[in-house]
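**Student:** Starting off with a structure, shown below.
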Amino acid sequence: MLGSLALVVVLYLAAAGLGAGLATNSGREPPARGVRIYVADNGVHTDLILPAAAFRDFARPEHLRDPRAAAAPYLAFGWGDRDFYLHTAQWRDVNPWRVARALVGAGSTVLHVAHVPEPRAGGRVRALLLRPDEYRRLVAYVRGTVATGPVVRGYGARDAFYSAKGGYSAIRTCNEWTGRGLREAGVPMGIWTPLPWGVMLWL
């Protein structure tokens with residue numbers, strides 16, 4: 001049993017490495033000017049961090065514990081399994097049962113949105129410039145993730161959860177959601193990025 005599980009893990013990691021290494025949009029030339037966005041990696045999960053102006057209509061002050069936080073210039077977007085996200089504010093809250101349910105795609109999803117200051121690039125935060133048409137595609141991708149449903153206040157004063165489309169699984173992870181958005185925008189990115197290093201490799 002343990003041998004079979006180890007084999008599955010090895011095959012998964014090998015597939016993730018292959019998917020991350022095969023890039024789409026590899027011929028793109030970075031623009032000299034454009035819209036500055038960021039991608040953040042906490043070691044397990046990646047967020048897209050985008051200017052807030054394009055999302056003011058749905059990421060609203062009244063959704064936050066402290067509505068004043070909505071004045072922040074950027075929004076950090078992360079997509080994932082609803083049950084895991086809502087009950088895992090910190091690493092010590094990780095529950096193996098919730099992890100297993102998420103990986104098999106047993107539940108619905110949410111979009112986590114945090115109102116943040118402009119990040120400083122470096123370490124686990126990467127900055128990139130997008131042309132206006134590239135940025136419009138990325139905004140459309142993020143907005144297209146939002147589903148009809150109740151808004152749930154987040155872990156602190158400046159974040160909230162929005163019902164989302166799609167199902168989370170070991171195949172379609174939070175990092176693959178990030179990678180797919182960047183691929184659709186036209187950024188060089190692996191064809192499948194289920195793990196955070198697969199996203200950050202190209203940034």
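**Student:** Here are a few candidate values for percent of Cα pairs over 31 Å apart: (1) 17; (2) 6; (3) 38. Which one was actually calculated from the structure I just gave you?
**Tutor:** (1)
**Student:** Next question. Mind listing the Cα extents of the stretch 1-79 along all three principal axes, in Å, largest one first?
**Tutor:** 53, 38, 19
**Student:** Sticking with this structure for a sec: Hey, any idea what the orientation-averaged projected area of the convex hull of the stretch 131-194's Cα atoms comes to, in nm²? All intermediate terms of the calculation are to be shown ahead of the outcome.
**Tutor:** Details: hull surface 21.6 nm².
Computing the convex hull of the Cα atoms and averaging its projections yields 5.4 nm².
**Student:** Accessible area per residue for the chain in Å², computed with a 1.4 Å probe and the full protein assembly in place, what is it? Present the calculation step by step, with values, prior to reporting the outcome.
**Tutor:** On the way: 10230 Å² over 203 residues.
With the other protein chains kept in place, the chain gives 50 Å² per residue.
**Student:** Here's a follow-up. What ³J(HN,Hα) values, in whole Hz, does the Karplus curve 6.51 cos²θ - 1.76 cosθ + 1.60 give for the stretch 143-159 when θ = phi - 60°, with x put for Gly and Pro?
**Tutor:** Taking θ as phi minus 60°, the curve returns 5, x, 6, 6, 10, 5, x, x, 8, 10, 5, x, 6, x, 7, 10, 9 Hz for the stretch 143-159.
**Student:** Tally Lys/Arg at +1 and Asp/Glu at -1 over every other residue whose Cβ is under 9 Å from the Cβ of G186; what's the total? Write out the running numbers ahead of the final one.
**Tutor:** Details: positive: R28, R131, R137, R183; negative: D133, E134, E184.
Summing Lys and Arg as +1 and Asp and Glu as -1 gives +1.
**Student:** HN-Hα J couplings of the stretch 59-71 from phi, Karplus 6.51/-1.76/1.60, θ = phi - 60°, integer Hz, Gly and Pro as x?
**Tutor:** Residue by residue, the stretch 59-71 yields 8, 9, x, 5, 7, 9, 5, 10, x, 5, 5, 5, 7 Hz.
**Student:** I would also like to ask the following. Eigenvalues of the Cα gyration tensor times 5, then square-rooted: what semi-axes does that give for the stretch 97-203, in whole angstrom, largest first?
**Tutor:** Working through the eigenvalues yields semi-axes of 23, 18, 15 Å.
**Student:** What are the residues whose amide H is under 5 Å from the amide H of W79, where those residues sit 5 or more places off or on another chain and H is modelled from the backbone?
**Tutor:** H112
**Student:** Give, as a single signed number, the net charge of other residues whose beta carbon lies under 9 Å from the beta carbon of P31, with Lys and Arg counted +1 and Asp and Glu -1.
**Tutor:** 0
**Student:** How big is the accessible area of H63 in square angstrom, nearest 10, if you roll a 1.4 angstrom probe over the protein chains?
**Tutor:** 40
The values are calculated or read from the model by the stated rules, or taken from the named source; none is laboratory data. Since the model is a prediction, treat every value here as computed from it, not as a measurement. All Cβ positions, even for glycine, are placed from backbone atoms using ideal geometry, and neighbour counts span all protein chains on display. For accessibility, only protein heavy atoms count, side chains too; no ligands or nucleic acids. Shrake-Rupley method; radii C 1.70, N 1.55, O 1.52, S 1.80 Å.
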